[in-house]
Structure formats: structure tokens, C-alpha cells
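Quick notes on the structure that follows.
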Amino acid sequence: MLAYPGFRFEVLKQDTKTKARVGRVSTPHGDLETPNFIFCATKAAIKGAGPDDLKAIKSDIILSNTYHLLLRPGPDLIEKMGGLHKFMAWDGPMLTDSGGFQIFSLGHGSVAEEIKGNRQSKHVSTLRKITEQGATFKSYIDGSMHTLTPESSIEIQRKLGADFILVLDECTPFHVDKKYTEQSMEMSHRWADRSFEEFERKHDGKQSLYGIVQGGVYPDLRLRSSEFISSRDFFGHAIGGSLGAEKSQMYDVVDYCMEGLVSNRPIHLLGIGGIDDIWENVMRGVDTFDCVSPTRIARHAWALIRTAENFRLNLKNAQYKEDDSPLDPECDCSTCQNFSRAYIHYLIRAKELLGIRLLIIHNMRFMTRLVETIRAAIKEDRFLETKKAWLRE
RNA sequence: GGGGGUGCGCCGGAGUUGGAGAGCCGGGCCAGACUGUAAAUCUGGUGUCUAUGACUGAAUAGGUUCGAUUCCUAUCACCCCCA
């Protein structure tokens, strides 16, 4: 049994009516309470926000990516600079993705494109091949070839030094049949074991390893995969791969996984960050989330607002030209305390970077306030009531 | 005052050797997409109307011609040169 001396997960409060729970994860870089949201700093930076901003909006943890940092600046450079925490001046908990998602995204394009059938996508795949050994990519930066194996992904993540690291997996697409999904899942399981062995080989207690559940949208495969991942000595579990074409299917897939996952480990849902998805999946027992959406849509001028349609407003829209009200009257972030919708609208139109930055800060604070609300509700044993009121169901 | 040149879309270009423009490329404008980030990206729309079709449209007014954005005349605006 592998020990994770620098780490601990404890459930502080279990909701009595649902699987929602409040937990505490301890890491060498500090603790965080769950449910929580992990902001994506894919290339060792939250686009448009720095560590001070993260502290200001009360972010507990961020994520960075093996594949992108492998291409540039390279894991050796980051190790030489004292590790990723020091390099990017973030001293809190951190997770790195293994590059498994890039096996999907560099092969198929975005999630939406793949699910919608790649209709008009101009996506040119830079994924060269997937074999039992690993995945080979052509760098989008300089065209050079790079192979990511379970072993090399762990080795790179060790050099990066994040607190939580992930096994290499194949993020299975939506448009493959059950046979492919099953074979992909089984290969990901073998990759999980290889990742674990490589992790264990140089284990120093400063990092912890997450196993990833695959199995597409198939209940039996998801159950098998989650039981497999539970049988290995991972610190935490992540749910990955295709979660279906619709939200209802995603919630079903999460339910399938939960049947096979042991409950004394933190459970992460990879890549999900829709506002309603967070409530629905916390209810199903998910502890942590990550998603590019809050920061990406901010760069595309959308602000997260609880009471808006689909929980968001497009500040680029003409209707905000003369709107002197704060961005979100419910929010305590520096953007909402200081700036009007009209000003942000103007900044976006004028292509002033500050406009994007103000929205990024607000959207991030929106997410941390959301998980604060959720945790408080669970602690007070009012999760379902709060969910209903918050979502105006 | 004299000479030369240029005028079409909200703006800037390109193009039309007298043979069907609601019509190319940017930008702007109006919207949309985005879920482990090749994304400050990408997509659609953008004359009018009673809208599967019509109508108007190449500075303005005339003229030549089967046919004019194209040729001619006048006017207007802007630019350049001379005085």
C-alpha cells in the first residue's frame, strides 16, 4: 500500500439527502476544502491573471498541463527554475494534467466540434498516432515530434512538481463505438498501472497520483473502469473521457462511475465547469472540478451572472452601451466593486485588454463564490434547498 | 482665376476592356459557438420591402446606345498642379 505522507483527504460533512459532501484535502502547499473549482493555467499562466489575482478571488488551487509545458519551455527548464510553483510564483496547491486530453483534442478538435461531428471544422490533427506504448504528437510550435508515454508523462509531471498529478489516459472521443471505447479503456487501465509504477519508483511523498475513469457513455464500462481505478492505490480519482452529448447523459455517466468508486478518496470531474453541471455533479458526489470555460468565455466577453439566461451576459452586446450598473450586483470582486457594464462594454469594443481582464477576475470570483455557497449549504445541511433557490428551479 | 484627376456599401481597399452587380477582401456593426485551452479564437449575418419573391442602387441631372457603373454634357464635392 503506497502511502501519501504529505496528503490527506477527510470528509468533514456528508449531506444527508444526496451524495454531496464537504471535504478537506491537505497538500504540501496547503489545504483546500471541497467541493472546489480548479482554474486552468494550461501554459503555466491563467490567461490574463496572476497569483495576486488568484489570491484576491480566493482561488485555492490551479491546474497546468504536461503537454504544453513539454513543448515549451520544457520540463527540464522548469525543474532548473525550481519547479512550477516557484517558476510561476504560485505557492498554493496545484494539479497537472497528464496530456491525455491532448490525445483527444489534438486529434479531434474541441469537445463541441467532435460531438457535433466535426462538421465545418478546419482542425488539422497534430496527433500522429496512438499505440500501446504511448501517443505521438507533432508540435504545433515547431513541428518537432514528441511521444508521451505513461512513464514520460509521470516523469515530466515529477519535474513540474504539482501536488496532484494524473495518469496518462486516452480521453476517449464521443464518436467511437463501444468496442473502441472498451479497448481504449483497457489500454488506459494498462497505462494507469504503468503510470503508477513509474510514480511509485521515485515516490518522495511530495506528490499524489490520481487514476482516471474511462468507459465512454456505457454503464458497464464505467462501472468496470471505476472499480479498476478504485482497486489501485491512487490518492484520488478523476472521471474523464466522453461524458456524452447532452448534460443529462453526463449526469448519468457520473452516476455510473460513482457506483464503482470508493468514497474515501477525492473525486475530480475532468473538464466540467458549467454552472448547473457543478450543482448537479456535487449532488452526485464530485469533490473537485476544472474547466477552461470561466476564463475562456471571459476572453470572449461573457460574464457569469447567476440570474442571467444560461448564467451569463455578453458584455459585447449593444444593450450594455449605456448600462451604468455594476457587472454583477451580487458580486464582491474588484471588477464589480469598481466598474460599470458600460465601461467594460466600451473596453471590449475598443479591444483594451483591461476589459478582458476585468471579466476574467469576475468570472473567477463567481466560481469561487459558487463553491463557497455550495460548501456552506452542505455544512448547514441545506444543499438541496440552496440548490433549488440558487438555480431558481 | 486656369489646368488635371477622383466620386458606388458605415469606413478602407480591390475590381468591373459598353454585356446580367445587391457584389469581392478587410475593418466596423448585429449576434452566436466555446466544458482535463493549438482559442483575446472561430462561425453566421449586415440596402429596402408586404420577403422561397420583388424593388431600389455606381455623386446629382440629362444624353448617346438594343444595353451605361463604364461613353458624352452640365452641376456638385474632394484632391493635385499653376496663378
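Rule-based calculations on the coordinates, nothing more; no lab input. These numbers come from a predicted model, not from an experiment. FYI the Cβ positions are ideal-geometry reconstructions off the backbone, even for glycines, and counts take in every protein chain you see.
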Within chain A, which DSSP H helices have Cα atoms that stretch 20 Å or more along the helix axis and a mean Kyte-Doolittle hydropathy of at least 0.0?
-> A:353-379
So which cysteines in chain A don't have a second cysteine's C-beta under 4.7 Å from them?
-> A:CYS40, A:CYS171, A:CYS257, A:CYS291, A:CYS333
For segment A:143-225, what value does the Rg/Rh ratio take when both radii are computed over Cα atoms and Rh is the Kirkwood radius, given to two decimals?
-> 1.03
If the cut-off is a Cα-Cα distance under 24 Å, which lysines reach A:LYS17, setting aside same-chain residues fewer than 8 apart in sequence?
-> A:LYS247, A:LYS379, A:LYS387, A:LYS388
Going by the alpha-carbon gyration tensor, a ≥ b ≥ c the square roots of its eigenvalues, is segment A:288-393 rounded (a/c under 1.5) or, if a/c is not under 1.5, prolate (a/b greater than b/c) versus oblate?
-> prolate
Using packing as a proxy for protection, rank A:150-162, A:67-79 so that the peptide with the highest average count of other Cβ atoms within 10 Å comes first.
-> A:150-162, A:67-79
Whole-Å distance, taken between Cα centres, linking segment A:320-381 and segment A:176-224 = 38 Å
Amide H partners (placed H, <5 Å) of A:GLY271, local residues excluded | A:ASP290
Based on Cα positions only, what radius of gyration and what Dmax would you give for segment A:192-255, in angstroms?
-> 13.5, 41
List the relative contact order of chain A as a percent without decimals, with contacts defined as Cα pairs under 8 Å and 6+ residues apart.
-> 17 percent
Tell me the Kirkwood hydrodynamic radius of segment A:1-132 in angstroms, computed as one over the mean inverse distance between distinct C-alpha pairs.
-> 17.5 Å
Protection proxy (average C-beta count within 10 Å per residue), highest first, orders A:333-343, A:127-137, A:28-38, A:266-276 as A:266-276, A:28-38, A:333-343, A:127-137
What is the dipole size for chain A, taken about its Cα centre, with +1 at each Lys and Arg Cβ and -1 at each Asp and Glu Cβ, in debye to the nearest 20?
-> 840 debye
Quick one: Debye curve from the alpha-carbon atoms of chain A only, equal weights, vacuum; give me log10 I(q)/I(0) at q = 0.06, 0.13 Å⁻¹ to two decimals.
-> -0.22, -1.12
Beta bridges by DSSP in chain A, antiparallel share as percent, to the nearest 5 | 50 percent
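Note the direction-averaged projected area, equal to a quarter of the hull surface, for the Cα convex hull of segment A:156-288, in nm².
7.7 nm²
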